[in-house]
Amino acid sequence: MAYSRRPSRTPRSRFTLALLLLTAVTLLVLDLPGTGPLDPVRNALGAAFRPFRAAGNAVFEPISNGWKGAFGYDDLRDENEQLKAQLEERKSEEADVKRLQQKVADLSKINDVRVEQQKTRVAEVVSGPLNSFEQTLEIDAGSSDGIKKGMAVITGRARGKGGAVLGRISEVRSGSSTVQLLTEVDVSIGVRTQKGDIGTATGQGQGKPLVIESIDEPTLSPGDYLWTSGLDRSRFPADLYVGRVTKVTKAVEGVERVVEAEPAADLTSRYVRVVLREPPK
Amino acid sequence: MSWPRTALIVLVALVLQVTLLSRFSYEGARPDLMILLAVMAGFRLGPERGAIVGFAAGVSFDIVLSTPLGLSALVYTIIGYAVGAATAGMVRTSRWAAPVVAAAGSAAGMLLYALVGAVLGEPTLSGPSLASIVVLVAAVNAVLAPLASRALVWARTDERDRRQPFLAR
């Protein structure tokens, strides 16, 4: 099949290119974080696209599930995962007992410390990352459900029972919200070890471990458990499971000590819980 | 050129990307059908239409992404135009031309996206390895190139062009 010669770089095509680039740059400037004048337009167009998306999901979900079934799970892997989960659960329970013992000891010292129960809202994950550069999820609960920007999001653990921190709300629309995963680079949360040491866990990007800072406890070692510290102005309530320490390197001359942790949350969960606690201003 | 047909192709591609292709990932890298549209439009329709289709594909993808509005539009417009300009004198009778151009254009598009995103403060370089993104997107788009090429050739000719076939050229 032969194709005719097409018009190449003409003044008109350069003018069109300049116009399109100018439009794109204008959109970028208008959509800079914190300004948001285009949010209503984006939300309206997103809502218009929703029926097409729902239809596509209905058609393609079985294909996706079939793919996962064919290539994602075999019997051996299932058995291995079950054993790992049991082991993790046992270790987690033991660490939890230690943490609670430490907590009781602390509480006996400070009588006015209270652990308040938080209301939560269950939401379904309607979309994962849509391209290679995105590290967010979309859930089907928004401002009409009491969701606010900055609220904490928790989900089930990848291994074992119980909940774990998944991330925080980064954008809110009327019927949906965007969740920024705790593995994203600019997400940082306060953590506490089972021995009571306090520090911060900062994301390093998708598929990479969290980096733990400000904990100088020299006995901190791989396998230690981390919970949210819930300190004043923290957007995360206390005692939510975050993950386990996977790597501790000693400080040598000129190089700081590095502590890494694996997030415990199942990043592929279908359902999440949003903690309806007023985020700090 | 039939703009309603082009709009339909962009919409179908967006639905496929959001509901099907984004579910498949390797080491966190996901296929990107929208950049394929920009590349093949540049290749089949020339730089000007490549830029227009690239902009339409990018801005519609931006609406559903959480990245800043205009980021994909900017990158895909440049890629659509650049591919059209670079392949203007190319002989396109070879059956390998479309897959090769799709792979090269998509790879360049992913690199440019990561670079522009990083300049704008987006975490585009902190996620999955850029090498795995480039390889996966280039490979998938090389396979899908003939399909996208046929769709865009269909969009190039509207009813008026059919009645007056010589004017279509």
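The values are calculated or read from the model by the stated rules, or taken from the named source; none is laboratory data. Note that the structure is predicted; figures quoted are calculated from it, not measured. No Cβ is skipped: glycine too gets one built from the backbone with ideal geometry, and neighbour counts run over all protein chains shown. Each accessible area value is taken on the protein alone, full model and side chains, heavy atoms only, with ligands, DNA and RNA left out. Shrake-Rupley method; radii C 1.70, N 1.55, O 1.52, S 1.80 Å.
Whenever you get a sec, compute what percent of the accessible area on segment B:11-117 sits on carbon and sulfur atoms (1.4 Å probe).
Here carbon and sulfur together make up 70 percent of the probe-accessible area.
Rounded, prolate or oblate: pick one for segment A:127-251, where a ≥ b ≥ c are the square roots of the eigenvalues of its C-alpha gyration tensor, a/c under 1.5 means rounded, and failing that, prolate if a/b is larger than b/c, else oblate.
prolate
Quick one: go through segment B:71-91 and flag any residue whose amide nitrogen is under 16 Å from the point 7 Å out along the Cα-to-Cβ line of B:Val153.
B:91
Specify whether the C-alpha gyration tensor of segment B:24-92 places it in the rounded, prolate or oblate class, a ≥ b ≥ c being the square roots of the eigenvalues: rounded for a/c under 1.5, otherwise prolate if a/b is larger than b/c and oblate if not.
oblate
Between helix B:33-45 and chain B, what is the angle of the helix's C-alpha long axis to the longest principal axis, kept within 0 to 90° and rounded to the nearest 10?
So the inclination is approximately 30 degrees.
Show B:Leu20, A:Leu220, A:Leu22 ordered by accessible area, largest first, where the area counts protein heavy atoms only and the probe is 1.4 Å. Can you show the working numbers first?
Numbers: B:Leu20 30, A:Leu220 10, A:Leu22 110 Å².
Sorted descending by solvent-accessible area, the residues read A:Leu22, B:Leu20, A:Leu220.
To the nearest 100 Å², how much accessible surface do chains A and B hide from each other in total, with a 1.4 Å probe?
Values: alone 18660 and 9040 Å², together 22660 Å².
In total, this chain pair buries about 5100 Å².
For chain B, just say rounded, prolate or oblate: build the C-alpha gyration tensor, square-root its eigenvalues into a ≥ b ≥ c, call rounded for a/c under 1.5, and beyond that prolate if a/b exceeds b/c, oblate if not.
It comes out prolate by the Cα gyration axes.
Determine how large the accessible area of A:Ser269 is when every protein chain is in place; take a 1.4 Å probe and give Å² rounded to the nearest 10.
Its heavy atoms expose roughly 20 Å² to the probe.
Non-local amide H neighbours of A:Val191 (under 5 Å, H modeled in plane, Pro and chain starts lacking H): which ones?
A:Gly199, A:Thr200, A:Ala201, A:Ser229
Please arrange A:Asp145, A:Asp39, A:Asp224 by accessible surface area, largest first, computed with a 1.4 Å probe and ligands excluded.
On the way: A:Asp145 45, A:Asp39 65, A:Asp224 15 Å².
So, going from the largest accessible area down, we get A:Asp39, A:Asp145, A:Asp224.
Quote the FRET efficiency, to the nearest 0.05, computed for A:Asp39 versus A:Ser214 with a Förster distance R0 of 41 Å and r equal to the Cβ-Cβ distance.
The formula returns an efficiency of 0.70 here.
Using only Cα atoms, find the angle between the long axis of helix B:97-119 and the longest principal axis of chain B, and express it within 0 to 90 degrees, rounded to the nearest 10.
For B:97-119 against chain B, the angle is about 40 degrees.
What accessible area per residue, rounded to a whole number of Å², is obtained for segment A:122-242 using a probe radius of 1.4 Å?
With the other protein chains kept in place, segment A:122-242 gives 35 Å² per residue.
Over 31 Å between Cα atoms: which of A:Lys148/A:Lys208; A:Lys148/A:Lys247; A:Lys161/A:Lys208; A:Lys208/A:Lys250 fall into that group? Could you put the intermediate results ahead of the total?
Values: A:Lys148/A:Lys208 28 Å; A:Lys148/A:Lys247 35 Å; A:Lys161/A:Lys208 23 Å; A:Lys208/A:Lys250 20 Å.
A:Lys148/A:Lys247, as the Cα separations exceed 31 Å there.
Using the Karplus equation 6.51 cos²θ - 1.76 cosθ + 1.60 (θ = phi - 60°), what ³J(HN,Hα) coupling, rounded to whole Hz, does each residue of segment A:44-59 give in order, writing x for Gly and Pro?
For segment A:44-59, the Karplus curve yields 5, 5, x, 5, 5, 7, 4, x, 5, 5, 5, 5, x, 4, 4, 6 Hz.
Give the accessible area for B:Thr19 in Å² (nearest 10); use a 1.4 Å probe, count only protein heavy atoms, and leave out ligands, DNA and RNA.
Accessible area of B:Thr19: about 0 Å².
Say each of B:Ala131 and A:Lys98 gets a label point 7 Å from the Cα, pointing the same way as Cα to Cβ; how far apart are those two points in nm?
Modelled inter-label distance: 3.8 nm.
Would you calculate a helix-derived [θ] at 222 nm for chain B, using -39,500 (n - 2.57) for each DSSP H run of n ≥ 4 and dividing by the full residue count, to the nearest 500?
Result for chain B, helices only: -23500 deg cm²/dmol.
Quick one: accessible surface of A:Arg273, probe radius 1.4 Å, all protein chains present, in square angstrom to the nearest 10.
Surface open to solvent at A:Arg273 totals about 110 Å².
Mind jotting down the distance between the C-alpha centroids of segment B:1-17 and segment B:108-152, whole Å?
20 Å
Out of residues 5 or more away from A:Gly162 or on other chains, whose amide H comes under 5 Å of its own, with H placed 1.01 Å from N in the peptide plane?
A:Arg157
Calculate, for chain B, the solvent-accessible area per residue in square angstrom, rolling a 1.4 angstrom probe over the heavy atoms of the protein chains.
That works out to 39 Å² per residue.
Testing the spin-label approximation: label points 7 Å from Cα along Cα→Cβ at A:Ile198 and A:Leu83. State their distance in nm.
Each label point lies 7 Å from its Cα, and together they span 4.2 nm.
With all protein chains present and a 1.4 Å probe, how do B:Met110, B:Met1 order by accessible area, largest first?
So, going from the largest accessible area down, we get B:Met1, B:Met110.
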